[in-house]
Amino acid sequence: MGKVKIKIRRLESANLRQTTYCKRKAGLMKKAKELAILCDVDIAVLTFSPSGRPTYSSSDNRSIWINPDVIDNMMKLNSMEKTLIDSIDRLQGKMELVTPTCLSIEQMGGVNN
């Protein structure tokens, strides 16, 4: 039986999301290690689990010290990004409500000053 291609979209189930994260993270690390070997480069991967926990891995398994403040700042940026995306989505929803009204005013000949 062959692999089934899936649509890439957010998984609704928290358990399925965590399981998929663990499996795909392992695949990502494998690809990173292969790239490091093939191209003779050092690769570092920083991922955040669905629960927000950071995980750091490097291609040569050496321990590289990362300033905890850097990870904290990245987590704050991740949270800020989600907040901005939510705000943009709300604004787009409001624009969809306002746009038909604006179009109908223009069709009636505009607003008299």
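The values are calculated or read from the model by the stated rules, or taken from the named source; none is laboratory data. Just so you know, these numbers come straight off a predicted model, no measurement behind them. Counting neighbours? That spans all protein chains shown, and the Cβs are built from the backbone with ideal geometry, glycine included.
The table below lists the values:
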| read-out | value |
| --- | --- |
| Neighbours by Cβ (under 7 Å, 6+ apart or cross-chain): first from the stretch 50-63, farther than 20 Å from LYS23 by Cβ; second surrounded by 10 or more Cβ atoms within 10 Å (Cβ to Cβ) and at pLDDT below 65 | SER58/ILE64 |
| Residue among ILE64, ILE6 that is at pLDDT below 75 and β-branched (Val, Ile, Thr) | ILE64 |
| Residues of the stretch 13-52 satisfying the condition of being outside any helix (DSSP H, G or I) and within 15 Å of the chain's Cα centre (by Cα) | VAL45, LEU46, THR47, PHE48, SER49, PRO50, SER51, GLY52 |
